[in-house]
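Down below is the structure, laid out as structure tokens.
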Amino acid sequence: MIRQLSITLSLMALLQSLPAIAQVPESTSEIPADSIQQVTAAKWMTNFSDGKFYPERLLSRAELASIMVKAFGLNKREAVNKENLAIPDVPRSHWAFNDIQTVLKTDIMKGYRGNVFFPNQKVTRAEALAIFAQAYGVFQFPDEAVNEILASYPDAKSIPTWARKAIATVATEGFLNTDAQGNISPLKPVTRGDMAYVLSKYLQRQQQQPETPEVPIIPNSPQSP
């Protein structure tokens, strides 16, 4: 009887531990469904072949490069006309060859020593936010202002020095998503959902921009040179 009870308890303990083993890492925050709908409608990100978005999946450097090109129209910038770079781990046959060439030529992303790109390498939130800010335009805040902007985030000290100005830019513009405690989690891998949130906020900002007003013509007024 005691032996059976012991086996039963052992099985229960094993079963209780299984969900923890199978869990997918949680994203920084719950991503609103409309954020995903907005970026897929804009064709900045796409669903998989089964029609699902999978917001919890992690982004690779190649995927992020492709997203940046679409969201910021990087392929229309003058730098794209430069001669292609020799990237040993991104041959012309690679699905993201053109996009990777574009982000490198426009300095939105950089390669590693030896001109390798590591297209399949996962991206941290700090890296993704810094790359987004580079394409958007990093605000040249003085260090004091950066520290003040980031001070409200509990884990601000864990932001790498090289990413602080970029993340302060994203935070100031209202593009940043955090967890329930307000943490940025800069060293965690960035998810598709995280990127969809940032892009949706950027898209909303674009849509809110007022059109340039027409200057009224005043009769008998001298014309401007």
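THR124's amide H: which non-local residues (gap 5+, or another chain) put their own amide H closer than 5 Å, with H modeled 1.01 Å from N in plane and none for Pro or chain starts?
VAL190
State which entries of LYS82/LYS105; LYS43/LYS76; LYS82/LYS165 exceed 19 angstrom in Cα-Cα distance in the structure shown.
Flagged as over cut-off: LYS82/LYS165.
Name the aspartates and glutamates eligible as straight-distance cross-link partners of LYS188: C-alpha to C-alpha under 19 Å, and not fewer than 8 places from it in the same chain.
GLU26, GLU30, GLU56, GLU63, GLU127, ASP155, ASP179
Go through region 181-197 residue by residue and turn each phi into a ³J(HN,Hα) via Karplus (6.51, -1.76, 1.60, θ = phi - 60°); whole Hz please, and just put x for glycine and proline.
Couplings: 8, x, 7, 7, 6, x, 8, 6, x, 7, 9, 4, x, 4, 5, 4, 5 Hz.
Considering every pair of different Cα atoms, what Kirkwood radius, in Å, is found for region 21-179?
Every distinct Cα pair counted, the radius reaches 17.2 Å.
Every read-out reported here was derived from the displayed coordinates using simple, explicitly stated rules and does not represent laboratory data. What you are looking at is a predicted structure, and each value in this text was computed from that prediction instead of being measured.
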